[in-house]
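Let me begin by presenting the structure, written as structure tokens, before commenting on it.
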There are 2 protein chains.
Amino acid sequence: MSTVRLSTTSFVVLGMIATRGPSTSYDLKRAIGRSVGYFWNFPHAQLYSEPKRLQKAGLLELHQEDTGRRRKTYTITAAGQAALGEWLAEPVKEHFELRDIAEIKLFFSELAEPQDVARLAQDQIEQHETRIAEYEEMQRRYGHIEEVASRMITLELGLGIEYAALEFWRKVRARAESGDFPPQSGPTQH
Amino acid sequence: MSTVRLSTTSFVVLGMIATRGPSTSYDLKRAIGRSVGYFWNFPHAQLYSEPKRLQKAGLLELHQEDTGRRRKTYTITAAGQAALGEWLAEPVKEHFELRDIAEIKLFFSELAEPQDVARLAQDQIEQHETRIAEYEEMQRRYGHIEEVASRMITLELGLGIEYAALEFWRKVRARAESGDFPPQSGPTQH
DNA sequence: ATTCGAACCGTATGTTTCGGACCGTGCGGC
DNA sequence: GCCGCACGGTCCGAAACATACGGTTCGAAT
């Protein structure tokens, strides 16, 4: 029971256990993989070490089976709920970060071959189309269920951003195909 | 001159030096802060250690002033250009990651107070409006300059995503104000 | 009955990454 | 002449991360 720095990972763990009830690390891994994990990757090893930290800090309670698999189940404590509640009430200072390797490659496209850009765009279009299909499927399946409605709303943001990205890469592909991309290294128009 | 794992950071450093020419770490820090840094944060300490690694790997060359501030200037080598070119030609496997703390808080909004959501939405709206204004200003200032045109294109993606996020949070705010958010903890409509 | 694979469940370990504290320098302006 | 700010950089401990490893339970096909 010592004081520790709490990261976003910590609060995702706390939040998941608060909404799901008592959970094992494996439960967390799956629940996160089906939800926030789509936007923000949390390596599973973290989901084993982080609850341990939180338990030491008194924010989670540990119950270990004493038979069979000896699963470790974590439950949120009052202190954990308080910490989570405070965090939720706190304003968000950081602007979101979009870690997109494709975008970085595009940024440096003046150093690449023209066909690289076309291929990059094509790949991105397919990737985003696939992701959009997944999100829409999730909406169709779970969108109307009362109990999860507030969790589904983040899907709308995900979709909005996916549509924007898709539209963008289609534009890039069009430009690449018409030969005016990358702007200064493509064939000049006389 | 040993072989090392190259991360996205490595290629951003290589790419920056390739497009800008010989640069110090400080130059990189500023150049990245004005461009890709808007999307993907690269802590400045990395921009001092990473070039050192790349130099040891033979991808960069180091020239240190032997007077005054003894600045360290890095230049890209042929091997560096080759590595960069290969990377640019490689397909991108990873889907982008959107690290958005606000979104995570919204995901857990059922655990929060109703006014927390309203405030969260309001803050996000302001944050995105500010960011949009910055991007639009950059477009106005540099958008028409030939030499940087291919670098400016990523701004369009940034803007598209910002617009999508802004629209989303406005919708959230509207719902929060009309009292039907979070869905199951808001006042029930009879 | 037995093999087999898939889902289940978790640990260990060696790097990178990260944030942030800290430190000196040169220079323009008051 | 000294103040403050942009410049230019190092260091460090704590987290994060990827990945390899190791085992179990269970059902379905052989």
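Selection within region B:28-50: residues that are of a type in the set (A, V, I, L, M, F, W, C) and closer than 25 Å to B:Ala149 by Cβ. The member of this set that is farthest from DNA strand C (Cβ to nearest atom) is B:Ala31. B:Tyr74 passes every criterion in (1) at pLDDT 95 or above; (2) more than 13 Å from DNA strand D (Cβ to nearest atom) apart from (2). Mind checking which residues of region A:1-24 are free of Cβ contacts under 8 Å to residues at least 60 places away in the same chain, of a type in the set (Gly, Ala, Ser) and in contact with a strand residue (DSSP E or B) (Cβ under 7 Å, 6 or more places away or on another chain)? Hit for region A:1-24 is A:Ser23, nothing else. Give B:Gly158, B:Gly143, B:Gly179 a once-over and let me know the one that is of a type outside the set (A, V, I, L, M, F, W, C) and at pLDDT 90 or above. Step by step, each of B:Gly158, B:Gly143, B:Gly179 is checked, and only B:Gly158 is of a type outside the set (A, V, I, L, M, F, W, C) and at pLDDT 90 or above.
Just one of (1) under 19 Å from the mean Cα position of the chain (by Cα); (2) modelled with pLDDT under 95; (3) more than 14 Å from DNA strand D (Cβ to nearest atom) fails for A:Met16. It is (2). For region A:101-123, the condition of being touching a helix residue (DSSP H, G or I) at 6+ places or on another chain (Cβ under 9 Å), among the polar types (S, T, N, Q) and within 16 Å of DNA strand D (Cβ to nearest atom) holds for none of the residues.
With respect to A:Thr77, is the statement that it is surrounded by 13 or more Cβ atoms within 10 Å (Cβ to Cβ), more than 9 Å from every other protein chain (Cβ to nearest Cβ) and more than 14 Å from DNA strand C (Cβ to nearest atom) true? Reasoning before the result, please.
Details: surrounded by 13 or more Cβ atoms within 10 Å (Cβ to Cβ): yes; more than 9 Å from every other protein chain (Cβ to nearest Cβ): yes; more than 14 Å from DNA strand C (Cβ to nearest atom): yes.
So A:Thr77 fits the description; yes.
Looking at A:Thr67, A:Thr130, which is the one that is hydroxyl-bearing (Ser, Thr, Tyr) and more than 16 Å from DNA strand D (Cβ to nearest atom)?
Values: A:Thr67 fails: more than 16 Å from DNA strand D (Cβ to nearest atom).
Result: A:Thr130 is the single residue among A:Thr67, A:Thr130 that is hydroxyl-bearing (Ser, Thr, Tyr) and more than 16 Å from DNA strand D (Cβ to nearest atom).
Kindly establish whether B:Leu54 is within 12 Å of DNA strand D (Cβ to nearest atom) and either surrounded by 14 or more Cβ atoms within 10 Å (Cβ to Cβ) or not in a loop (DSSP other than H, G, I, E, B) (or both).
Numbers: within 12 Å of DNA strand D (Cβ to nearest atom): no; either surrounded by 14 or more Cβ atoms within 10 Å (Cβ to Cβ) or not in a loop (DSSP other than H, G, I, E, B) (or both): yes.
Spelling it out, it is not the case that B:Leu54 is within 12 Å of DNA strand D (Cβ to nearest atom) and either surrounded by 14 or more Cβ atoms within 10 Å (Cβ to Cβ) or not in a loop (DSSP other than H, G, I, E, B) (or both).
From the list A:Gln184, A:Gln189, pick out the single residue that is at pLDDT below 95, touching an Asp or Glu at 6+ places or on another chain (Cβ under 9 Å) and away from chain B (no Cβ under 11 Å). Reasoning before the result, please.
Numbers: A:Gln184 fails: away from chain B (no Cβ under 11 Å).
Only one candidate passes the filter, namely A:Gln189.
Is it the case, given these coordinates, that B:Ala82 is more than 16 Å from DNA strand D (Cβ to nearest atom), free of Cβ contacts under 8 Å to residues at least 40 places away in the same chain and away from chain A (no Cβ under 11 Å)?
Details: more than 16 Å from DNA strand D (Cβ to nearest atom): yes; free of Cβ contacts under 8 Å to residues at least 40 places away in the same chain: yes; away from chain A (no Cβ under 11 Å): yes.
It is true that B:Ala82 is more than 16 Å from DNA strand D (Cβ to nearest atom), free of Cβ contacts under 8 Å to residues at least 40 places away in the same chain and away from chain A (no Cβ under 11 Å).
Just a yes or no: is a residue in region A:56-66 acidic (Asp, Glu) and within 30 Å of B:Arg119 (Cβ to Cβ)? No, region A:56-66 contains no residue that is acidic (Asp, Glu) and within 30 Å of B:Arg119 (Cβ to Cβ).
Has region A:152-168 got any residue that is more than 10 Å from chain B (Cβ to nearest Cβ) and either of a type outside the set (A, V, I, L, M) or farther than 28 Å from B:His128 by Cα (or both)? Within region A:152-168, none of the residues are more than 10 Å from chain B (Cβ to nearest Cβ) and either of a type outside the set (A, V, I, L, M) or farther than 28 Å from B:His128 by Cα (or both).
Would you mind stating whether B:Gln139 is on the phi < 0 side of the Ramachandran plot and more than 8 Å from every other protein chain (Cβ to nearest Cβ)? Judged against the criteria, B:Gln139 is a match. Selection within region A:16-27: residues that are surrounded by 22 or more Cβ atoms within 10 Å (Cβ to Cβ) and either away from DNA strand C (no atom under 11 Å from the Cβ) or within 14 Å of chain B (Cβ to nearest Cβ) (or both). The member of this set that is nearest to B:Ser109 (Cα to Cα) is A:Met16.
The values are calculated or read from the model by the stated rules, or taken from the named source; none is laboratory data. Keep in mind it's a predicted model, so treat the numbers as computed, not measured. Please note: Cβ atoms are built from the backbone with ideal geometry, for glycine as well, and neighbour counts cover all protein chains shown.
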